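**Q** Handing you this structure, nothing more for now.
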Amino acid sequence: MAQDEAIDTTPREAAPNQTEDVGRSEGLERIHLTDPLHWEIVEFLEDESTALDDNDLTAWFQNMAPDIVYRLPVRMTRDRADGSEFAEGMFHFDEDYMTLGTKVMRLAATQSAWAEKPPSRTRRFVTNIRAYRLDGDAEEYEVRSCILLVRNRYQESDLEVLSARRTDVLRRTDAGFKIARRTILPDQATLGTQNLAVFL
Amino acid sequence: MLLDHEIRGTAPPILRDGTPFEDLIDYDRYEVSMRLLSDPDIYEYELTNLFAKTWNLVAHESEIPEPGDYVMRHIGEDSVIVTRGKDGEINVLLNVCAHRGMQVCRAEGGKGNQFKCPYHGWTFSNTGRFLGAPIAKEEMHGTVLPKEELGLKKARVETYIGMVFATWDEQGPSLEHHLGDIRWYLDLMFDRTPEGLEVLGPPQRFMINANWKCPGEQHAGDGFHTLTLHHSLFELQAMAGGDDTPTAQAGLNVSANGHGLRCIDVREPFINFLKDKVHPGMTPMERLEVSPPPGLRPEQVPALAERFDEAQIRVLAEFPPQVGGLFPNIGCFSFPFPTADGLAGVIALHTFIPKGPYRFEFVNWFLTEKNAPEEMKAEQRRAATLTFGTSGFIETDDADTWPQMTRSARGAVGRQMKLRYQALIGENKPDDWPGGGHVYDGFGKDDNQWNWWKRYFEVMTGRA
């Protein structure tokens, strides 16, 4: 019989937090709640999520910059020593302007997008909004927020819930803020919803 | 032996209300009872007679490339750890401590050569051997059983073109025998280069409130549903200036041991991008050079001739197997998807993991060639995420359908209704068709899915 290996009792050190894994932005200038700019950003996010609640996808899509990167990475339970729980190469949403637009057009303009026909009833609660100034030529802000998406379909009495933290990059344009980047970090490793035919 | 030590494989002859299980299929009328989608007793039999007996896809080798890597997965409702040992071999271990049944692995993936149970500290190697418990001199594992008998239960493991399969059935057929004639076609979908495929990352996972057999039987060969359930695709095609004629219905459905694939007739290309590039007079290799198999670059095409014989090359060029499923709960895909710049190869594997009669977990891997350039991988990932899985515009519609079939099957009357497979081609394999298995040539019908159900009954009743 092979010699038994010894029991390894070496403690494994936690891997350093990845930027995406924490709620705060390090090293960026915070836009405080006393600054009117903070409330301008809050207003934008509230209007944007209301368009989704109202199922006005075409209006919602107007908020996207042409170079939008819209992502919801796959998550997997890991020990702290093994690094970030979020995958780098695998996503539930991995959209650019073209693919996000295609998904929106299918839901908004075709007759047979059965996943949302009849539509879900949805409510988005956007909270804990913290905005930071980004360096660069464009006037851009990093905005971290929490979102609770509540979804209900058919005669089901149970509500489906999807809770996540978001990191956005908002860019000021002549037509108001546009979302240049949105990363949605779900709190579930296994999503408890049958599909993401809804956005957040 | 006093304890239930073996996985019992007895058939479910009589259900609780006196109905013989075999009465749930009518071989003359090509019908199965909808009770199969909702009966809790049948579900229990599936865990023991089907999932514990069959070959289950648990991982792709590229998810655990280095010794010490592991992922946690499921066989039926049993949690298993898929590990790569120091010797490079893959192990599939029941995630149940041999002491008091606690789960020894709680992360879903990572690195670790040993698993220490958090309850009493029993420690196991990543090959499943029991290494010891704390306070060694007290021998807290007792003296009744030797340490060799206190390891984590190990499943039988076999790999094929990167896919890791496991079964609890030590005496059952080999994986090769289980896959049978479908392997010839799977090679064309997934084994086109010496390097082979790798996953783009950990799989998408999400829950669907439906019986796992809804997607199980669909993937065996249901092309017909695309015309209606996925009609929005054709509407989008029309909005983009194309026509809305449904495509990809012609070809050959092939079936073996309950596995089923659809070999799509692409001799007349229906993807706009290819319409002026592929012509009737072209040889199969010429076709493949302008329209490479999904995920391959044109410069990789000449080497296909060294890997596959002439007959396989012709099938790959004219009737490529593109979509299908492996019995009982696996979906597999390898097809080109039009993008703004050309075509992206969507290569995907699904498993439908049972979580009770009314719920399953959808596990979805996207794959790419190991040596594909990063830009190509990103294109493939975007195309796959656009179409498949959690948010894909094809499968979001399926996910809304299966729960309603399952709900229908819960009513006292609804569960007596039938799933019907009466649109049949019957075997009509063309004389020059080089592949094996049962072959059905023409507009895809119900033959493959009927074969899936026949296999299901064979396995459930212990006849296979």
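**Q** Quick check on my filter: what residues within the range B:90-111 are part of a loop (DSSP other than H, G, I, E, B) and open to solvent by less than 20 Å² (accessible area, probe 1.4 Å)?
**A** Scanning the range B:90-111 gives B:ASN95, B:CYS97, B:VAL104, B:CYS105, B:ALA107.
**Q** How many of the residues in the range A:23-43 are in a loop (DSSP other than H, G, I, E, B) and under 21 Å from A:ILE179 (Cβ atoms)?
**A** Of the residues in the range A:23-43, 5 are in a loop (DSSP other than H, G, I, E, B) and under 21 Å from A:ILE179 (Cβ atoms).
**Q** Would the range B:426-438 turn up any residue that is under 22 Å from B:LEU296 (Cα atoms), basic (Lys, Arg) and surrounded by fewer than 16 Cβ atoms within 10 Å (Cβ to Cβ)?
**A** No, there is no match, as no residue in the range B:426-438 is under 22 Å from B:LEU296 (Cα atoms), basic (Lys, Arg) and surrounded by fewer than 16 Cβ atoms within 10 Å (Cβ to Cβ).
**Q** Between B:PHE206, B:PHE273, which is open to solvent by 60 Å² or more (accessible area, probe 1.4 Å), touching a strand residue (DSSP E or B) at 6+ places or on another chain (Cβ under 7 Å), outside any loop (DSSP other than H, G, I, E, B) and in the same structural domain as B:PRO321 (by TED's automatic domain parsing)?
**A** Testing whether each residue is open to solvent by 60 Å² or more (accessible area, probe 1.4 Å), touching a strand residue (DSSP E or B) at 6+ places or on another chain (Cβ under 7 Å), outside any loop (DSSP other than H, G, I, E, B) and in the same structural domain as B:PRO321 (by TED's automatic domain parsing) leaves just B:PHE273.
**Q** Can you work out which of the residues in the range A:65-96 that are acidic (Asp, Glu) and touching a helix residue (DSSP H, G or I) at 6+ places or on another chain (Cβ under 8 Å) is nearest to the other protein chains (Cβ to nearest Cβ)?
**A** A:ASP94
**Q** Let me ask something else about it. Considering only the range B:392-423, state which residues are of a type in the set (Gly, Ala, Ser), under 19 Å from the mean Cα position of the chain (by Cα) and either at the interface with another protein chain (Cβ under 8 Å from one of its Cβ atoms) or open to solvent by 50 Å² or more (accessible area, probe 1.4 Å) (or both).
**A** Within the range B:392-423, B:ALA399 is the sole residue that qualifies.
**Q** I want to confirm something. Restricting to the range B:277-291 and keeping residues that are free of Cβ contacts under 8 Å to residues at least 24 places away in the same chain and closer than 25 Å to B:GLU374 by Cα, which single residue is most open to solvent (accessible area, probe 1.4 Å)?
**A** Top of the filtered list is B:GLU289.
**Q** Run down B:GLY242, B:GLY172, B:GLY251 and say which single residue is free of Cβ contacts under 8 Å to residues at least 60 places away in the same chain and either over 15 Å from the mean Cα position of the chain (by Cα) or within 14 Å of chain A (Cβ to nearest Cβ) (or both).
**A** B:GLY242
**Q** Also, I was wondering about something else. Among the numbered criteria (1) open to solvent by 30 Å² or more (accessible area, probe 1.4 Å); (2) touching a residue at least 12 places away in the same chain (Cβ under 8 Å); (3) more than 27 Å from B:LEU229 (Cβ to Cβ); (4) more than 10 Å from chain B (Cβ to nearest Cβ), which single criterion is violated by A:ALA59?
**A** Of everything listed in (1) open to solvent by 30 Å² or more (accessible area, probe 1.4 Å); (2) touching a residue at least 12 places away in the same chain (Cβ under 8 Å); (3) more than 27 Å from B:LEU229 (Cβ to Cβ); (4) more than 10 Å from chain B (Cβ to nearest Cβ), A:ALA59 misses just condition (2).
**Q** Of the conditions (1) surrounded by 15 or more Cβ atoms within 10 Å (Cβ to Cβ); (2) within 19 Å of A:ASP135 (Cα to Cα), A:THR173 fails just one. Which one is it?
**A** (1)
**Q** With the structure loaded, tell me whether B:ASP87 is part of a loop (DSSP other than H, G, I, E, B), at pLDDT 95 or above, among the acidic types (Asp, Glu) and not assigned by TED's automatic domain parsing to the domain that holds B:GLY411 or whether it fails that test.
**A** It is true that B:ASP87 is part of a loop (DSSP other than H, G, I, E, B), at pLDDT 95 or above, among the acidic types (Asp, Glu) and not assigned by TED's automatic domain parsing to the domain that holds B:GLY411.
One line per residue, one yes/no per condition, for (1) of a type outside the set (A, V, I, L, M, F, W, C); (2) within 11 Å of chain B (Cβ to nearest Cβ); (3) farther than 19 Å from A:PHE44 by Cβ:
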| position | (1), (2), (3) |
| --- | --- |
| A:LYS117 | yes, yes, yes |
| A:VAL126 | no, no, no |
| A:TYR132 | yes, no, no |
| A:ARG153 | yes, yes, yes |
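**Q** Scan the range A:159-166 and tell me whether some residue there is open to solvent by 40 Å² or more (accessible area, probe 1.4 Å) and farther than 17 Å from A:HIS92 by Cβ.
**A** Yes, the conditions are met somewhere in the range A:159-166.
**Q** Continuing with the same structure: A:THR122 fails exactly one of the following numbered conditions: (1) surrounded by 19 or more Cβ atoms within 10 Å (Cβ to Cβ); (2) touching a Phe, Trp or Tyr at 6+ places or on another chain (Cβ under 6 Å). What is the number of that condition?
**A** Evaluating A:THR122 over (1) surrounded by 19 or more Cβ atoms within 10 Å (Cβ to Cβ); (2) touching a Phe, Trp or Tyr at 6+ places or on another chain (Cβ under 6 Å) leaves (2) as the failure.
**Q** Further, regarding this structure: Look at A:THR99 and say whether it is open to solvent by less than 80 Å² (accessible area, probe 1.4 Å), part of a loop (DSSP other than H, G, I, E, B), modelled with pLDDT of 95 or more and within 8 Å of chain B (Cβ to nearest Cβ).
**A** no
**Q** Looking at (1) touching a Gly at 6+ places or on another chain (Cβ under 6 Å); (2) within 11 Å of chain A (Cβ to nearest Cβ); (3) under 25 Å from A:SER112 (Cβ atoms), can you tell me which one B:THR339 breaks?
**A** (1)
**Q** For A:LEU196, state whether it is open to solvent by less than 20 Å² (accessible area, probe 1.4 Å), at pLDDT 95 or above and within 30 Å of B:GLY109 (Cβ to Cβ).
**A** yes
**Q** Sticking with this one: When only residues in the range B:370-391 that are part of a helix (DSSP H, G or I) and at the interface with chain A (Cβ under 7 Å from one of its Cβ atoms) count, which is surrounded by the most Cβ atoms within 10 Å (Cβ to Cβ)?
**A** Across the range B:370-391, the extreme among qualifying residues is B:THR385.
**Q** On to the next question. Take the conditions within 20 Å of the chain's Cα centre (by Cα), closer than 23 Å to A:LEU191 by Cβ and surrounded by fewer than 19 Cβ atoms within 10 Å (Cβ to Cβ) and apply them to A:ARG133. Does it pass?
**A** no
Results for (1) under 14 Å from the mean Cα position of the chain (by Cα); (2) closer than 19 Å to B:LEU47 by Cβ; (3) in contact (Cβ under 8 Å) with a residue 60 or more places away in the chain, shown as yes or no for each residue.
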residue	(1), (2), (3)
B:GLY142	no, no, no
B:GLY151	no, no, no
B:VAL157	no, no, yes
B:THR167	no, yes, yes
B:ASP181	no, no, yes
B:TYR185	no, no, yes
B:MET189	yes, no, yes
B:LEU197	no, no, yes
B:ILE208	no, yes, yes
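**Q** Restricting to the range B:210-234, what's the tally of residues that are at the interface with chain A (Cβ under 7 Å from one of its Cβ atoms) and either farther than 28 Å from B:ALA423 by Cα or touching a residue at least 60 places away in the same chain (Cβ under 8 Å) (or both)?
**A** 2
**Q** Quick one: B:THR48 ticks every box in (1) free of Cβ contacts under 8 Å to residues at least 60 places away in the same chain; (2) over 23 Å from the mean Cα position of the chain (by Cα); (3) assigned to a helix (DSSP H, G or I) bar one, so which box is it?
**A** Going through the list (1) free of Cβ contacts under 8 Å to residues at least 60 places away in the same chain; (2) over 23 Å from the mean Cα position of the chain (by Cα); (3) assigned to a helix (DSSP H, G or I), B:THR48 breaks only (2).
**Q** Where in the range B:126-174 are there strands (runs of 3 or more DSSP E), lying wholly inside it, with at least 2 residues that are loosely packed, with under 15 Cβ neighbours inside 10 Å?
**A** Filter on the range B:126-174 gives an empty set.
The values are calculated or read from the model by the stated rules, or taken from the named source; none is laboratory data. This one's a predicted model, so the numbers in the text were calculated from it and none came from an experiment. Positions of Cβ are backbone-derived with ideal geometry, glycine not excepted, and every protein chain shown enters the neighbour counts. Please note that ligands, DNA and RNA were not included when accessible areas were found on the heavy atoms of the full protein model with its side chains. Shrake-Rupley method; radii C 1.70, N 1.55, O 1.52, S 1.80 Å.
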